[in-house]
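One structure below.
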Amino acid sequence: MSSGTLVDTNVVFDFLSQDADWSDWSAAMLADAAERGAIVINPIVFAELSVRYDRIEDLDAALPEDYFVRAPVPWDAAFLAAKCFARYRRRGGRAAAPLPDFFIGAHAAVAGLSLLTRDARRYRTYFPKLMLIAP
């Protein structure tokens, strides 16, 4: 996959929850990204969103597959996520396992996707060449 935008969990959550501060921005950015190509989510984003749903059917309905393309995390992205995590640990990070953002950023990087997020700081640090769409 080389055309499209991987969407970070926070943007999808803002859109689905009608967040008072971010819903308008997130909806506009999703619409812009959809005009340029596929809107992609991966199992990490799906898992983070699922915390807010009691039934998988409700989450599936909120994320129609004709709008949100579901893509697996590539193996080379998992490897890159681990390398970013090792760098994070060397810089004093305390998490015991790779953070979801590392898998999301690595997926976008190896798949040649843009990343739509409203929290670009970590992505800029660990994926400096990644095309970010952020406020």
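The values are calculated or read from the model by the stated rules, or taken from the named source; none is laboratory data. Predicted, not measured: the structure shown is a model, and the values here were computed from it. Cβ coordinates were reconstructed from backbone atoms using ideal geometry, including for glycine residues, and neighbour counts include every protein chain displayed. Each accessible area value is taken on the protein alone, full model and side chains, heavy atoms only, with ligands, DNA and RNA left out. Shrake-Rupley method; radii C 1.70, N 1.55, O 1.52, S 1.80 Å.
In the chain, helices alone account for a calculated mean residue ellipticity at 222 nm of -16000 deg cm²/dmol, with every DSSP H run of four or more residues adding -39,500 (n - 2.57). Put a plus charge on the Cβ of each Lys and Arg, a minus charge on the Cβ of each Asp and Glu, and nothing anywhere else: the dipole of the chain about its Cα centre is then about 1200 debye. FRET efficiency for residue 121 and residue 95, Cβ-Cβ distance as r, R0 = 22 Å, nearest 0.05? Given R0 = 22 Å and the Cβ-Cβ separation, E is 0.90. First select every other residue whose beta carbon is under 14 angstrom from the beta carbon of residue 113; then total the charges, Lys and Arg +1, Asp and Glu -1. In short, +1. Counting only protein heavy atoms and a probe of 1.4 Å, the accessible surface of region 33-135 is 54% carbon and sulfur. Here r is the Cβ-Cβ distance between residue 61 and residue 24 and R0 is 25 Å; the resulting FRET efficiency, rounded to 0.05, is 0.65. Using the Karplus relation 6.51 cos²θ - 1.76 cosθ + 1.60 with θ = phi - 60°, the per-residue 3J(HN,Hα) values for region 93-99 come to x, 9, 4, 8, 9, x, 7 Hz, with x marking Gly and Pro.
Exactly which chymotrypsin sites (Phe, Trp or Tyr not before Pro) in region 85-135 are in a DSSP loop and have at most 11 other Cβ atoms within 10 Å? If you can, show how the numbers build up before the last one.
Numbers: sites: 85, 88, 102, 103, 123, 126; in loops: none.
Here no chymotrypsin sites (Phe, Trp or Tyr not before Pro) fit, given the DSSP loop and packing criteria.
In order along region 45-53, the Karplus-derived 3J(HN,Hα) couplings, from 6.51 cos²θ - 1.76 cosθ + 1.60 at θ = phi - 60°, round to 4, 4, 5, 5, 6, 5, 4, 8, 10 Hz, and Gly and Pro are given as x. Sites listed here are GluC sites (Glu not before Pro) in region 11-85 whose DSSP assignment is loop and whose Cβ has at most 15 other Cβ atoms within 10 Å: 65. In the chain, Rg over Rh equals 0.96, where Rg is the alpha-carbon radius of gyration and Rh the Kirkwood radius from pairwise Cα distances. The mean accessible area for residues of the chain, using a 1.4 Å probe and ignoring ligands and nucleic acids, is 55 Å² per residue.
Highest GNM mean-square fluctuation among 112, 93, 37, for the chain modelled with Cα contacts below 10 Å: 93. Of the chymotrypsin sites (Phe, Trp or Tyr not before Pro) in region 16-80, the ones in a loop by DSSP (not H, G, I, E or B) with at most 13 other beta carbons within 10 Å are 67. Across the chain, the longest piece that holds none of the trypsin sites (Lys or Arg not before Pro) lying in DSSP loops with up to 10 other C-beta atoms within 10 Å covers 1-54.
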